[in-house]
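The values are calculated or read from the model by the stated rules, or taken from the named source; none is laboratory data. Because the structure is a prediction, the values reported are computed rather than measured. We place every Cβ from the backbone using ideal geometry, glycine too, and count neighbours over all the protein chains shown.
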Amino acid sequence: MSDSYLITGGKPLKGEVILSGAKNVALKTIISALMFKGDVVLKNIPRINDVLDLIELIKSLGAKAKFREKNILVINGEKLKSNRVDLSYGSKIRVSFMLFAPLLYHFGECYVPNPGGCRIGARPIDRIVNGLKALGVRVDYDEATGYFHAKIDNKPKGIYRFEKPSHTGTELLMMIGLMTDDKIEIENIANEPEINDLILYLNSAGANIVQNGNKIIINKSQELKQKEPFAIMSDRNELVTYATLAVASQGDIVIGTIDEKLISSFLNFMKEAGAGVEEISNFKFRFFYKGEIKPVNIETSPHPGFMTDWQPSWAILMLKSTGESVIHERVFENRFSYVDELKKLGANIKFIESKVENPEFFYHFNLDKNKTYQQTIKIIGPSELHNAILNIADLRAGAALVCGALLSAGESVVNGASILERGYEDFVEKVKKLGGEIEKV
Ligand code: EPU
């Protein structure tokens, strides 16, 4: 199967992009649909590899799932027949550990493989497992098999405070909370808008989840049953990819639909960099080149800060800025796999030392004192880019590499298309519509 892109770059990209549904909402709405009574109809579900793989996984557990139209998915999880997630899905689908919730709901006990290592760092689930335990779930890990065994003897209840916020951790504990007869409180939660969309979906079906600042309270739910189809929000990460590409390629792209509130910190950074940004109508934004791009430093952080998923795209914009800019990654270790690859295109980027007063507090991953981390890069722009052969190691880095190739004169090959397509729907079609020369080979 063809798994590479052949790209002839160097042209300004112009036109319109209609955003697909958010990957990081789609996956969780599908998983929690398994706790609903009756059919669940989800709209705006992107046909991306992560979603297709998850559908295969839930079907292996006995759920029914079928696309009714291109982006309308109908799920029925009433008759799950297995409480064990096959090991082969553990590393392939990172969110498979979130099946703890529907499997405990149906069976009171389940076996879920450790999601294990990942290209963007160790990505342990220690804080999440501690959260499950605090709410009364018994969890044991069998090192020999690589499986977690979880069991509930009583309805979950209690309070858990995340030592540091976790996005999927907040969502999983919220789903566990749907089983309570009492009340569950989760403190120091992650606050990403994708989590709010999940709350909206669950509450519209009978859940009673209240978010209050950094805390979520889950009161006893009614039986979850959909009253009407739920349309998930648009993908903010996809917007950032195309917006930075518009400006870096000296192009002009209109992107919609998205609520301004969801991208306000990104818009501010774009304006600071001298990018043209206009809200042309409700939920539609125009991003265009309007002269010299200024270097702007960023530090990633959970919402409402500059998201970690956006920094590889920011690096692409900064390659075309006049001067030096710095990107400091605080949320994940190992999120700079694109650096060596972009250098092949002629990018001038180097890792630099970053002085941090209190690293245990500053970084969101678990720091290992015996390990050396490279969390900061300096980009020296503007770079004249040329063609190269590049290899994608992780999803967001992949988007940066393809965009790098689209900015580079000559014909480039980017290997690992299926990794990028874990998260970007109709990528080739969308780029072609903007005038980009890209083929899958
Ligand atoms: N962490 C731990 N232990 C835990 C939980 C998290 O050490 O028990 C660490 C992580 O390793 C990471 C940091 O804490 O260094 C933050 O992790 P978090 O749990 O918030 O991230 P996540 O839930 O695994 C989700 C998205 C990511 C997005 C982050 C940040 C999904 C499926 N994934 O990951 O999206 O970058 O939140 O918002 O929702 C992507 O779409 O490409 C992607 C990686």
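Where helices (runs of 4 or more DSSP H) fall wholly inside segment 26-121, the ranges with 1 or more residues that are under 19 Å from residue 178 (Cα atoms) and touching a strand residue (DSSP E or B) at 6+ places or on another chain (Cβ under 9 Å) are 100-107.
If we scan segment 121-135, do we find a residue that is under 21 Å from residue 57 (Cα atoms), hydrophobic (A, V, I, L, M, F, W, C) and in contact (Cβ under 8 Å) with a residue 12 or more places away in the chain? Yes: segment 121-135 contains one or more residues that are under 21 Å from residue 57 (Cα atoms), hydrophobic (A, V, I, L, M, F, W, C) and in contact (Cβ under 8 Å) with a residue 12 or more places away in the chain. For segment 280-309, give me each residue that is in contact with a Lys or Arg (Cβ under 8 Å, 6 or more places away or on another chain) and either under 20 Å from residue 234 (Cα atoms) or assigned by TED's automatic domain parsing to the domain that holds residue 194 (or both). Once the filter is applied, which keeps residues that are in contact with a Lys or Arg (Cβ under 8 Å, 6 or more places away or on another chain) and either under 20 Å from residue 234 (Cα atoms) or assigned by TED's automatic domain parsing to the domain that holds residue 194 (or both), segment 280-309 yields 280, 307, 308, 309. Residues in segment 176-223 that are touching an Asp or Glu at 6+ places or on another chain (Cβ under 9 Å), exposed (fewer than 15 other Cβ atoms within 10 Å of the Cβ) and under 15 Å from residue 155 (Cβ atoms): 219 alone. Residue check: residue 360 meets all listed conditions (1) modelled with pLDDT under 95; (2) touching a Leu at 6+ places or on another chain (Cβ under 9 Å); (3) under 27 Å from residue 5 (Cβ atoms) but one, namely (3).
If you filter segment 38-56 down to residues that are under 19 Å from the mean Cα position of the chain (by Cα) and closer than 15 Å to residue 85 by Cβ, you find that the one that is surrounded by the fewest Cβ atoms within 10 Å (Cβ to Cβ) is 53. Here is the figure for segment 1-37: residues that are farther than 26 Å from residue 407 by Cα and surrounded by fewer than 19 Cβ atoms within 10 Å (Cβ to Cβ) total 2. The residue that is nearest to residue 101 (Cα to Cα), counting only those in segment 143-189 that are under 24 Å from the mean Cα position of the chain (by Cα) and of a type in the set (Asp, Glu), is 171. For segment 321-349, the tally of residues that are under 17 Å from residue 395 (Cβ atoms), assigned to a loop (DSSP other than H, G, I, E, B) and more than 13 Å from the ligand (Cβ to nearest atom) stands at 1.
Once segment 255-287 is narrowed to residues that are in a strand (DSSP E or B) and not hydrophobic (A, V, I, L, M, F, W, C), the residue that is farthest from residue 306 (Cα to Cα) is 281. Screening the candidates 353, 425 for the property of being within 16 Å of the ligand (Cβ to nearest atom) and more than 22 Å from residue 252 (Cβ to Cβ) yields one hit, 425.
Against the condition under 16 Å from residue 101 (Cα atoms) and touching a residue at least 40 places away in the same chain (Cβ under 8 Å), how does residue 209 come out, does it pass? No: the conditions fail for residue 209.
Here residue 372 meets the list (1) assigned to a strand (DSSP E or B); (2) more than 28 Å from residue 292 (Cβ to Cβ) almost entirely, failing just condition (1).
Residues in segment 290-320 that are assigned to a strand (DSSP E or B) and within 15 Å of the ligand (Cβ to nearest atom): 298, 299, 300, 306. Candidates are the residues of segment 143-152 that are modelled with pLDDT under 95 and either over 18 Å from residue 114 (Cα atoms) or exposed (fewer than 12 other Cβ atoms within 10 Å of the Cβ) (or both); the one that is farthest from the ligand (Cβ to nearest atom) is 144.
Here is a yes/no grid of residues against (1) crowded, with 16+ Cβ neighbours inside 10 Å; (2) within 23 Å of residue 236 (Cβ to Cβ):
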| residue | (1), (2) |
| --- | --- |
| 311 | yes, yes |
| 315 | yes, yes |
| 327 | yes, yes |
| 341 | yes, no |
| 344 | yes, no |
| 385 | yes, no |
| 394 | yes, yes |
| 398 | yes, yes |
| 410 | no, no |
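Within segment 268-276, identify whether any single residue is at pLDDT below 95 and loosely packed, with under 14 Cβ neighbours inside 10 Å, and answer yes or no. Checked segment 268-276: no residue is at pLDDT below 95 and loosely packed, with under 14 Cβ neighbours inside 10 Å. Do we have residue 408 as among the small types (Gly, Ala, Ser) and within 16 Å of the ligand (Cβ to nearest atom) here? Spelling it out, it is not the case that residue 408 is among the small types (Gly, Ala, Ser) and within 16 Å of the ligand (Cβ to nearest atom).
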